[in-house]
Amino acid sequence: MCTPRTLVVLATYNEIENLPGLTREILRVLPAADMLVVDDNSPDGSGRWCDEAAVSEPRMQCVHRAGKLGLGSATLDALRYAIEHEYDVVVTMDADWSHDPHHLPELLSAIDCADVAIGSRYVKGGAIECWPRHRRLMSRFINGLSRRLLRLPIRDASGAFRAYRVENLRKSSIKNVRSTGYAYLEELLYRLEQGGARMVEVPIIFHERRAGRSKISLGEAAGKVATILRLARERRRDARPQNVDGRNNPA
């Protein structure tokens with residue numbers, strides 16, 4: 001059986017304290033994989049470091065963007081890169097060590113029987129380390145809202161540690177994803193699920209970042225809620241019976 005061509009993606013903004021060690025460990029765990037760093041013009045030199053590292057590491061590439069354009073748009077750019085360069089599997093993960101690279105082989109094993117493999121904090125064997133109570137409550141609330149309103153068949157829709165089968169991304173509606181911030185996580189899964197993607201969850205231990213500052217804010221949390229409500233309205237609209245001319249009946 002052929003080893004799938006795999007691309008591991010890191011979206012970065014001011015992650016120079018984490019990037020060198022993390023990329024080294026990822027490539028050690030997955031020696032046959034390639035790596036793409038999508039950098040939003042980090043003032044701390046993350047993108048410059050990546051360019052220098054790529055000179056001696058042929059498995060590494062760096063895409064430079066004009067500024068801080070958002071995690072969602074960075075990830076969608078990376079998914080399009082994987083499609084254009086004909087990879088079989090693309091893996092996304094945080095660039096701050098919150099996602100331990102030792103889980104990568106488990107995700108890649110799970111993708112053999114699914115279109116999306118999700119590193120999950122909320123299935124048996126999964127856990128979160130060192131989070132304050134308010135972050136736990138907010139995360140639980142967001143994920144509960146996703147299951148209830150979007151009918152997503154998973155327990156962790158807000159985590160970025162995922163493996164996607166590129167063939168499925170190629171034929172899906174990811175071009176319709178509008179979210180540019182962290183809310184892309186729920187919207188992308190919703191679009192894929194609407195397209196019939198098979199999803200599986202793999203338990204992971206989620207760690208607090210090792211260095212640098214978190215990009216999570218109340219604004220991002222509010223954006224997630226707004227996105228879920230928008231998608232829920234879209235889902236209800238699409239579920240309405242249609243007239244013979246193809247138009248939705250009024251509610």
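FYI, it's all coordinate maths here, none of it is from the lab. Every value quoted in this text rests on a predicted model; they were computed, and no experiment measured them. So basically every Cβ, Gly included, is an ideal-geometry build from the backbone, and we count neighbours across all protein chains shown.
How much length is gained if the chain between Lys175 and Leu137 is pulled fully straight, taking 0.36 nm per residue apart and subtracting their Cα-Cα distance, in nm to one decimal? Numbers along the way, then the final one.
Working: separation 38, 0.36 × 38 = 13.68 nm, distance 3.14 nm.
Extra length from Lys175 to Leu137 when fully extended: 10.5 nm.
What is the gain in length, in nm to one decimal, between Ala222 and Val29 on full extension, counting 0.36 nm per residue of separation less the C-alpha to C-alpha distance? Please list the in-between numbers first.
Values: separation 193, 0.36 × 193 = 69.48 nm, distance 3.59 nm.
Taking Ala222 through Val29 to full extension adds about 65.9 nm, to one decimal.
For the chain, what is the calculated [θ] at 222 nm in deg cm²/dmol (nearest 500), taking -39500 (n - 2.57) for each run of four or more DSSP H residues and dividing by its residue count? Write out the running numbers ahead of the final one.
Values: 8 runs with 100 residues, N = 251.
My calculation for the chain gives -12500 deg cm²/dmol from helical runs alone.
Report the FRET efficiency, 1/(1 + (r/R0)^6), for His64 and Glu17, where r is their Cβ-Cβ distance and R0 is 22 Å, rounded to 0.05.
Values: r = 19 Å, r/R0 = 0.88.
With R0 = 22 Å, the Cβ-Cβ based efficiency is 0.70.
Taking 30 Å as R0, compute the FRET efficiency from the Cβ-Cβ separation of Glu106 and Arg151 and round it to 0.05. Intermediate values should be presented prior to the final figure.
Working: r = 26 Å, r/R0 = 0.87.
Once rounded, the FRET efficiency stands at 0.70.
Between the alpha-carbon centers of segment 77-132 and segment 158-195, tell me the distance in whole angstrom.
13
Stretched out fully, how many nm does the piece from Thr3 to Arg240 gain, at 0.36 nm a residue minus the Cα gap? If you can, show how the numbers build up before the last one.
Details: separation 237, 0.36 × 237 = 85.32 nm, distance 4.38 nm.
Contour length minus the Cα-Cα distance gives 80.9 nm.
Determine the percent antiparallel among the DSSP beta bridges restricted to the chain, to the nearest 5.
30
Would you please give the FRET efficiency between Arg233 and Cys130, computed as 1/(1 + (r/R0)^6) with r the Cβ-Cβ distance and R0 = 41 Å, to the nearest 0.05?
On the way: r = 36 Å, r/R0 = 0.88.
Between Arg233 and Cys130 the formula returns 0.70.
Kindly rank 27-35, 125-133 from highest to lowest mean number of other beta carbons found within 10 Å of each residue. Before the final figure, lay out the partial values.
On the way: 27-35: 15.6, 125-133: 12.2.
Top of the packing list down: 27-35, 125-133.
What do you get for GluC sites (Glu not before Pro) in segment 19-100 restricted to DSSP loop and a cutoff of at most 14 other Cβ within 10 Å of the site's Cβ? Intermediate values should be presented prior to the final figure.
On the way: sites: Glu25, Glu52, Glu84, Glu86; in loops: Glu86.
In loop regions of segment 19-100 (DSSP not H, G, I, E or B), the sparsely surrounded GluC sites (Glu not before Pro) are Glu86.
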